[in-house]
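Visitor: The structure under discussion is supplied below as structure tokens; questions concerning it will follow.
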């Protein structure tokens, strides 16, 4: 079992705001003739004795930290959410926020371990685009930086027959630039699904191992836009979570960057709906959006931002498209339930984790990562990690 840094045990308990005695009780540590439960926990925290894996699992649950956190070399130095860029509705469910916080803690624990391993293996090259720009430089400057970093051929992107294929091309460009792009919409079970209102995307800005998480419960047509929105945050050196409603100025700014990237102003100015009548403009937006592999809401938003439609029409179009998407999603779910089997677990896992799988595979085979750490990075049992690697077939 890997050595545990006892300082992490102290950090995890204290950030959970649990006194020593209360934590010992919650961890079900028992008094003995020689020492109290609190003294036994203190011995763990002073490095005088090592907790078992079973005890670490209890600590992870009690302190509400990912198990992976306890295997880091040192306590995380950054807070949970970073900046909160979201504008949440009044009726927002508090449990959703708890899920978001737990997901971000897990992602940050993964990122910390990846960063440490890259540095230890002399692969921790600083990425110059992280934090390169400031808001004062404006949308055009940040868009240009992203164009230089990603080097995306828009014609190739738009030529794809499916939105997910177009997104795959953009994602590969981001990963080749050094950004890990993960798709995640829950904590591993549909019981913990996170609504897009609570979390659309998350950017973890780091010059060695930046991470972007995209809520894959959102429409696939929106994934590319979200990726570019979060890339804008990384170029600005910002870590934080974004939601569905962009009311804050920074969110409008990053939306404008993503929009300008996918629909350059010189092109978009030529798109003129023939009528503001709802059915007509709705259909013309649909056609234009698919041709450019962007979402219908994105096109409607751009028309609003450029003054071609008013806010009321933009919001009506947005709600209309969202309702259509939800209805189609429910239809697709019903179809999938009638099928004998779904997609292969490992194929889905590889798709959601992206380039992270390849890096973990390489470090595992080189001995830089144990299978225990590899399993926690991939969200799998250690004995199963080899099944996800590209040169293995699932057992």
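Visitor: Could you tell me whether residue 301 is closer than 28 Å to residue 153 by Cα and crowded, with 16+ Cβ neighbours inside 10 Å?
Guide: So residue 301 passes the test.
Visitor: Given the criteria at pLDDT 95 or above and assigned to a loop (DSSP other than H, G, I, E, B), does residue 168 qualify?
Guide: When the stated conditions are applied, residue 168 does not pass them.
Visitor: Further, regarding this structure: Within region 259-283, track down each residue that is over 21 Å from residue 157 (Cβ atoms) and crowded, with 16+ Cβ neighbours inside 10 Å.
Guide: Matches in region 259-283: 273, 281, 282.
Visitor: Another question, then. For region 28-55, how many residues are over 22 Å from residue 74 (Cα atoms) and either touching a helix residue (DSSP H, G or I) at 6+ places or on another chain (Cβ under 9 Å) or surrounded by 19 or more Cβ atoms within 10 Å (Cβ to Cβ) (or both)?
Guide: The total comes to 10.
Visitor: Being assigned by TED's automatic domain parsing to the domain that holds residue 172 and modelled with pLDDT of 95 or more is true for just one of 313, 356. Which residue is that?
Guide: From the options 313, 356, the qualifying one is 313.
Visitor: In region 8-21, which residues are assigned to a helix (DSSP H, G or I) and either under 27 Å from the mean Cα position of the chain (by Cα) or not assigned by TED's automatic domain parsing to the domain that holds residue 49 (or both)?
Guide: Once the filter is applied, which keeps residues that are assigned to a helix (DSSP H, G or I) and either under 27 Å from the mean Cα position of the chain (by Cα) or not assigned by TED's automatic domain parsing to the domain that holds residue 49 (or both), region 8-21 yields 8, 9, 11, 12, 13, 14, 15.
Visitor: For region 116-164, enumerate the residues that are part of a helix (DSSP H, G or I), surrounded by fewer than 17 Cβ atoms within 10 Å (Cβ to Cβ) and under 19 Å from the mean Cα position of the chain (by Cα).
Guide: Across region 116-164, the qualifying residue is only 164.
Visitor: Please identify the pairs in which a residue from region 320-335 that is assigned by TED's automatic domain parsing to the domain that holds residue 300 and within 14 Å of residue 297 (Cβ to Cβ) has its Cβ atom under 7 Å from the Cβ atom of a residue that is surrounded by 10 or more Cβ atoms within 10 Å (Cβ to Cβ) and at pLDDT 90 or above, counting only partners at least 6 apart or on another chain.
Guide: Filtered contacts from region 320-335: 320/282; 321/296; 321/297; 325/219.
Visitor: Can you pull out the residues in region 200-220 that are over 17 Å from residue 329 (Cα atoms) and more than 9 Å from the chain's Cα centre (by Cα)?
Guide: Across region 200-220, the qualifying residues are 205, 206, 207, 208, 209, 210.
Visitor: Now for a different question. State whether one or more residues within region 331-346 are touching a helix residue (DSSP H, G or I) at 6+ places or on another chain (Cβ under 6 Å) and at pLDDT below 95.
Guide: Looking for residues that are touching a helix residue (DSSP H, G or I) at 6+ places or on another chain (Cβ under 6 Å) and at pLDDT below 95, one finds at least one in region 331-346, hence yes.
Visitor: What number of residues in region 171-204 are assigned to a loop (DSSP other than H, G, I, E, B), farther than 28 Å from residue 267 by Cα and in contact with a strand residue (DSSP E or B) (Cβ under 7 Å, 6 or more places away or on another chain)?
Guide: Within region 171-204, residues that are assigned to a loop (DSSP other than H, G, I, E, B), farther than 28 Å from residue 267 by Cα and in contact with a strand residue (DSSP E or B) (Cβ under 7 Å, 6 or more places away or on another chain) number 3.
Visitor: In the list 208, 235, which residue meets the criterion of being closer than 23 Å to residue 132 by Cβ, surrounded by fewer than 24 Cβ atoms within 10 Å (Cβ to Cβ) and modelled with pLDDT of 95 or more?
Guide: It is 208.
Visitor: Sort through 285, 250 and tell me the only one that's assigned by TED's automatic domain parsing to the domain that holds residue 235, more than 22 Å from residue 216 (Cα to Cα), in contact with a strand residue (DSSP E or B) (Cβ under 9 Å, 6 or more places away or on another chain) and part of a helix (DSSP H, G or I).
Guide: 250 is the lone residue from the list that is assigned by TED's automatic domain parsing to the domain that holds residue 235, more than 22 Å from residue 216 (Cα to Cα), in contact with a strand residue (DSSP E or B) (Cβ under 9 Å, 6 or more places away or on another chain) and part of a helix (DSSP H, G or I).
The values are calculated or read from the model by the stated rules, or taken from the named source; none is laboratory data. Since the structure is predicted, the reported quantities are computational estimates derived from the model, not experimental observations. As a convention, Cβ positions derive from the backbone with ideal geometry for all residues, glycine included, and neighbour counts pool all protein chains shown.
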